[in-house]
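Trainee: First the structure, then my questions, so here it is.
Every read-out reported here was derived from the displayed coordinates using simple, explicitly stated rules and does not represent laboratory data. Nothing here was measured: the structure is a model prediction, and the numbers come from that model. Ideal geometry is used to build each Cβ from the backbone, glycine not excepted, and the neighbour counts take in all protein chains shown.
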Amino acid sequence: MLTSMSQLKNGERALIYSLENKKDMRRRLIDIGFGTGTEVVCLGRAPFSDPIAYGIKGSVIALRKADAALITVDREEN
Amino acid sequence: MGLTYSSSGSGANKTSAPEFNGRRILFAGNPNVGKSTLFNSLTGLHQHTGNWTGKTVLCAYGKCKECEADTLLIDLPGCYSLNSRSEEERVARDEIYFSEYEKAVIVCDASCLERHLFLAYQILEIAPEALICVNLADEAERKGVSVDAPLLSELTGVPCILTSAKKKGDEKKLSALFDKDGSGGNGINYGDRIEGYIASVCSLLIGEGISRRQARAFALRALDGGEDFVLSFAKRLSIHPSLTAEIRILADNFIASAFGGNAEALCDAISAAITARAEKTARQCTVRRRAGGGLGRADKLLTGRFTAFPVMLALLFFILFLTVKGANYPSDMLRRFFDIIENGVCGLLTDLAVPTPIVKLICEGMIRITGWVISVMLPPMAIFFPLFTLLEDIGYLPRMAFNLDCCFKGCGACGKQSLTMCMGLGCNAAGVVGCRIIDSRRERDIALLTNAFMPCNGRFPMLITVIGIFFASSGTASAVILLAVIVIAVLMTLLVSKLLSSTLLRGVPSSFTLELPSFRMPNIKQVLIRSVIDRTLFVLGRAVAVALPAGAVIWLLSNTVIGDSSVIGHLSRALDPIGAFIGLDGVILLAFILGLPANEIVIPIILMCYVSGGALSDHSSLQELGIILKENGWTALTAVNFLIFTVFHWPCSTTVLTVKKETGSIKKTLAAVIIPTLTGVTLCLLTRLIFSII
């Protein structure tokens, strides 16, 4: 099911479907591993629920909610 | 980039490469892969390392001490790719594309090889020779990940070696590879369409003294590199401007025909090809015995909704408490030690029949001030820095940035500003340089202009001294007040950031990505050696360099009598009205002005001015110091405002120069001086008002 990455709950996994971020940020996200088709897992949120930590290819990367909201993912159903 | 002898103070301004005739080897890799640690063990330099992203924002240079041949190692700033979205990526890219070097050592993290191979393949595309160093192999083993180095070597076409940054002997194995004849790496197949275009560009270039690798790289960068970069690259390869223009037209036509003019789609295709290749390589040569990644229990505590902030304050309090408590005894020892030296030198000079004024100048001016500076400044720093380095090495700082980002975002700034503030606690000049880790120009300027709000190593002990005299009898109470002062400094940083981002530096918060590295056991011995020796050398060096001449100048000023009083007396009286207006006095203000080169000398100047006879008196204890201050009209208000003014006033001259260099703008440099000063004056007036009411 397609949803925005910021909607993932802690522990949920998804495959990255598309990135709508602005040019520079989009390139950077792809460079650090958020390319389409990559599996991502939501790991947790900061105390004020922003930013959000994601697990990607064995690393933990935190993104702001607003940036994560521009990434569309395909949620894995259990 | 951290706090070392070479990176803080005046060293922060020196960045150029040394002259060198031997071979040159580049160290490249993602941030936080232990690159600097490897570099340090190979060169013996004490480059500061820490478990967070973006420690190295400048290239570091060092001669390889493990190599027989004359070898210069160049440590590039960590970056995720060569697509240059940020300052450090631009530095790394330009170095890899344009500088002369024999080999590139690509350092990767064994536990997330796939991500790191992205950069590796980008570098293999252009480096004449390369080798891949899969670092942190021990850490990966613990996580159940092992890497097959021979297979990786076969797949990439370059020598590969597994290392553990902290294991002895690994650096020797690595340096042995420097001497072996290497090779360039295997290229990436970008698919028929792009490869067809590359072939047509190559046919134009090869044979002009340009290798196939260089020609391919040029063809690709003509597609995605940006105009300035392509022109520099053409110059580097000595490609004739007309040929360059022809290739650029070829590239534009290709983008138009194959991607409908959508350059973004083309970049995606290039990235996707590299990503796919990295993924395939990593899958083939990595064995993952259990699913990795994720936040452990420690992260639940350190970044948890209800625990994050209490834990942060508790950690800071604990560090401050140990610093305040532990510094007393060594301070006393040092003081006694300098008393002995002073008496000894004084006796010796008198015996040698040196004229009395000169003896006094040397003993009561130079030695006494230097001794004071060292004995008060050194012990707190020798305790604070190892503790702080421990936190840094474990990997706590990125968690702090993670916790605090929301506050900074609310103020229109970047969460990474909290990292530059931590560096500012050590040295504001280093903190200002560290602001390069912030990508957005606007947010970087906010961080730059407010960095002086964090009390640095020179001001820290001033706070401890005055708090000890006026407000706290026990170490615990001192630490609590010190913690409060730092919290106020942080709050003011946020407030002023907010003001700046809604006035002078208007804009919306930009995006940011922050890597949270795995926790690492720090190497205690390394931490101690690095922070104590580096710090000790730094403080001593600075103390001698600034305090000795300053001591002489101040002694002269306070002993040269014009009319009815000394020069220093005239000056401080002239400043008295302004000083009194903001709840201080002329002497304090004068001391802060004279303390411009280094805040360490502010308190000694104040004492020298107060003490009749024009020399710093025998100052064996805090109580005695307190008596002198109180006799000269210090009240609780003076002390509070002194604390405020210590935290909020113009930055030291080195920091000002660094701001000038980093921003290249006189206006911003002036702003960096005026903003903290204005903040300080405002707060001082406010407390004066409050004190007059109660």
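Trainee: For B:SER146 and A:PHE48, FRET efficiency with R0 = 35 Å and r from the beta-carbon atoms, rounded to 0.05?
Mentor: About 0.35, to the nearest 0.05.
Trainee: In nm, what is the difference between 0.36 nm times the number of residues separating B:GLU100 and B:PHE471 and their Cα-Cα distance?
Mentor: 127.6 nm
Trainee: Taking a point 7 angstrom from the Cα of B:VAL553 along the C-beta vector, which residues in the stretch B:341-370 have backbone N less than 16 Å away?
Mentor: The answer is B:365-367, B:369-370.
Trainee: Let me ask something additional. Using alpha-carbon pairs under 8 Å, 6+ residues apart, how would you state the relative contact order of the stretch B:208-332 in percent?
Mentor: 14
Trainee: Between B:PHE317 and B:LYS180, take the C-beta separation as r, use R0 = 51 Å, and let me know the FRET efficiency to the nearest 0.05.
Mentor: That pair, B:PHE317 with B:LYS180, gives E of 0.45.
Trainee: Right, here's the next one. Starting from 0.36 nm per residue, how many nanometres of slack lie between B:GLU264 and B:ARG236 once their C-alpha separation is accounted for?
Mentor: 7.4 nm
Trainee: Quick test of the membrane-span-like rule: which DSSP H helices of chain B reach at least 30 Å along their long axis (C-alpha atoms) with mean Kyte hydropathy at least 0.5?
Mentor: B:308-351, B:368-394, B:475-502, B:666-693
Trainee: Considering only the protein assembly as shown, what is the antiparallel percent among its DSSP beta bridges, to the nearest 5?
Mentor: 65
Trainee: Please compute the modelled spin-label separation between B:LEU528 and B:THR560, points set 7 Å along Cα→Cβ, answer in nm with one decimal.
Mentor: Here the modelled spin labels are 4.8 nm apart.
Trainee: Now for a different question. Could you work out the relative contact order of chain B, using alpha carbon pairs under 8 angstrom and six or more residues apart, expressed as a whole percent?
Mentor: 13
Trainee: Considering the stretch B:640-694, what Rg and Dmax in Å follow from its alpha-carbon atoms?
Mentor: 13.8, 46
Trainee: Need one number: % antiparallel among DSSP beta bridges in chain B, to the nearest 5.
Mentor: Here the share of antiparallel DSSP bridges comes out near 35 percent.
Trainee: Which whole number gives the average count of other chain Cβ atoms within 10 Å of the Cβ atoms across peptide B:35-43?
Mentor: For this peptide, the per-residue mean of nearby foreign Cβ atoms is 0.
Trainee: Using alpha carbons only, how many angstrom separate the centre of the stretch B:256-330 from the centre of the stretch B:65-99?
Mentor: 22
Trainee: Also, quick follow-up: Order of B:MET423, A:MET5 from fewest to most other C-beta atoms within 10 Å?
Mentor: Ascending Cβ contact count within 10 Å gives the list A:MET5, B:MET423.
Trainee: Calculated FRET efficiency, B:LYS167 and B:ALA256, Cβ-Cβ r, R0 56 Å, to nearest 0.05?
Mentor: Given R0 = 56 Å and the Cβ-Cβ separation, E is 0.60.
Trainee: Quantify how much of the Cα-Cα distance distribution of the stretch B:245-310 extends past 14 Å, in percent.
Mentor: Counting every Cα pair in the stretch B:245-310, those more than 14 Å apart make up 76 percent.
Trainee: Taking every eigenvalue of the Cα gyration tensor of the protein assembly as shown, multiplying by 5 and rooting it, what semi-axes result, largest first, whole Å?
Mentor: So the three semi-axes of the protein assembly as shown are 52, 29, 25 Å.
Trainee: At a 10 Å Cβ-Cβ cut-off, how would you order B:ASP181, B:ASP576, fewest neighbours first?
Mentor: B:ASP181, B:ASP576
Trainee: Along the Cα→Cβ direction, 7 angstrom out, place labels at B:LEU491 and B:ASP192. What is the inter-label distance in nm?
Mentor: 6.8
Trainee: Moving on. Note down the magnitude of the dipole of the stretch B:479-608 about its Cα centre, charges +1 on Lys and Arg C-beta and -1 on Asp and Glu C-beta and zero elsewhere, to the nearest 20 debye.
Mentor: Once rounded to the nearest 20, the dipole reads 540 debye.
Trainee: In a Debye calculation with equal point scatterers on the alpha-carbon sites of the stretch A:18-78 and no solvent, what is log10 I(q)/I(0) at q = 0.17, 0.23 Å⁻¹?
Mentor: The computed values of log10 I(q)/I(0) come out as -0.55, -1.02.
Trainee: Would you mind working out the magnitude of the charge dipole of the stretch B:110-232 relative to its Cα centre, with +1 at each Lys and Arg C-beta and -1 at each Asp and Glu C-beta, to the nearest 20 Debye?
Mentor: Charge dipole, the stretch B:110-232, about its Cα centre: 340 debye, nearest 20.
Trainee: If each DSSP helix of 4+ residues adds -39,500 (n - 2.57) and the sum is divided by the residues in chain B, what number results at 222 nm, nearest 500 deg cm²/dmol?
Mentor: -19500 deg cm²/dmol
Trainee: Let me ask another. Within 14 Å, Cβ to Cβ, of B:TYR97, how many net charges do the neighbouring residues add up to if Lys/Arg are +1 and Asp/Glu are -1?
Mentor: Local charge sum for B:TYR97: 0.
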